[in-house]
Amino acid sequence: MTDIDQIDTVRTQARTSLQTALQEIKRVIVGQDAMLERMLVSLLAGGHVLLEGVPGLAKTLTVKTLAGVFGGSYNRIQFTPDLVPADLIGTRIYRPNTGHFDTELGPVFANFLLADEINRTPAKVQSALLEVMQEQQVTIGGTSHPVPLPFIVMATQNPIESEGTYPLPEAQIDRFLMKILVDYPSIGEESAGVGRSLQAPVTVRTCVSLADLALYSQATRTILVDRETIGYAVALADATRHPSKYGLAELESLIEFGSSPRGPIGLVQAGRALALLRGRGHVAAEDIRDLALDVLRHRVVLSYDALSEGITADRMLEQVLGAVNEPSARSLTRPRHPQAAAAPDVRAI
């Protein structure tokens, strides 16, 4: 079997296993197909997720179910105004019987960390997650402690309350790969959910091991990314910084700051994962377009004028998507040599 055949086999196995995992999650979660797909994409891309929606839309239940299906360790932190950073990452405790300090690790040491209602705690506590989200480690008393891998933060927040809440710092929110807006289910989905609530709770089974998840994440790196597709992702981010260059002069006064470079990087990485789930060996422009709102909406800082007029980031991003030209659709051919699939300076990043 050639290297290319092995890559195709792993891709097929990944798609089949993840579809099985998705069906297992749907035994508990009714509807919310787009949210579930985006969360699988984030898992494969190794990115953190911020879920925003009104209470009662199964955000917390989805994260818990996801952890059960993938068999990783799971911890939940209920963010409250009286938390301190040590409640998250841990601290050093003096033991009088030994005369030494022991390190007590906090609840961030888990594969799947649910940061529930993250905007209910002050910025100093929110910022305690900065190091662990970026470096997958926590420093306590001058000693670094790595968290178990994979490590994914899935945070939730409620957009309809302002009392007792603290907006996430820009440096914090930029570390989330996606901000997913969770909407109400359809009437049919809600009826099915009510019907399920009358039955005994479903216990999900582990469908994908952490080792397999790591293998599938590696498989996303074999997905080819054309230079024109990379250029498209970069252009979308650039249009949020310099709208006039793309014929969107009316947005100049509405955007305080555009997307950071993490935006196009996240778009391409998430695009690879989405292409794998969709059964393709290359990233298409439609993958980038479909993910653009989720990856970029939280990276665009609106001006006071935009906020006062009730203009949302999604509305402006829709205009950006309409103004930036997509690359022409064309087929990607397989490289002649198997190792070329992983060569970042030739066909893939």
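The values are calculated or read from the model by the stated rules, or taken from the named source; none is laboratory data. All of these numbers come straight from a predicted model, not from anything done at the bench. Cβ placement follows ideal geometry from the backbone for every residue including glycine, while neighbour counts extend to all protein chains displayed. Just the protein is used for accessible areas: all its heavy atoms, side chains included, with ligands, DNA and RNA removed. Shrake-Rupley method; radii C 1.70, N 1.55, O 1.52, S 1.80 Å.
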* Structure fact -> Among (1) on the phi > 0 side of the Ramachandran plot; (2) in contact with a Cys (Cβ under 9 Å, 6 or more places away or on another chain), G56 falls short only on (2)
* Asked: Which of the residues belonging to the range 218-246 are open to solvent by less than 60 Å² (accessible area, probe 1.4 Å) and assigned to a loop (DSSP other than H, G, I, E, B)?
  -> T222, I223, V225, D226
* To do: Look at I255 and say whether it is of a type in the set (V, I, T) and over 25 Å from T9 (Cα atoms).
  => yes
* Structure fact -> Picking from V28, V69, V10, the residue that is within 24 Å of V147 (Cβ to Cβ) and in contact (Cβ under 8 Å) with a residue 12 or more places away in the chain would be V69
* Asked: Which members of the range 48-59 meet the condition of being in contact with a Leu (Cβ under 8 Å, 6 or more places away or on another chain) and surrounded by fewer than 23 Cβ atoms within 10 Å (Cβ to Cβ)?
  -> H48, E52, G53
* Structure fact -> When E135 is run through (1) without any contact (Cβ under 8 Å) to a residue 12 or more places away in the chain; (2) out of contact with any strand residue (DSSP E or B) (no Cβ under 9 Å at 6 or more places or on another chain); (3) open to solvent by 50 Å² or more (accessible area, probe 1.4 Å), the failure sits at (2)
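With the requirement that a residue be buried (at least 21 other Cβ atoms within 10 Å of the Cβ) and either hydrophobic (A, V, I, L, M, F, W, C) or in a helix (DSSP H, G or I) (or both), what does the range 30-39 give you?
Listed by number, the residues that qualify are M35, R38, M39.
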* Enumeration of residues in the range 67-83 that are in contact with a Lys or Arg (Cβ under 8 Å, 6 or more places away or on another chain), open to solvent by 40 Å² or more (accessible area, probe 1.4 Å) and part of a loop (DSSP other than H, G, I, E, B) -> T80, P81
* Examine the range 197-205 for a residue that is modelled with pLDDT of 90 or more, farther than 14 Å from L321 by Cα and not in a loop (DSSP other than H, G, I, E, B), and state whether such a residue exists. => no
* Asked: Within the range 282-326, which helices (runs of 4 or more DSSP H) (wholly inside it) include 3 or more residues that are closer than 30 Å to D8 by Cβ?
  -> 285-296
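Residue-wise test of (1) open to solvent by less than 20 Å² (accessible area, probe 1.4 Å); (2) of a type in the set (A, V, I, L, M, F, W, C).
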| site | (1), (2) |
| --- | --- |
| L291 | yes, yes |
| V295 | yes, yes |
| S303 | yes, no |
| S308 | no, no |
| M316 | yes, yes |
| V320 | yes, yes |
| P327 | no, no |
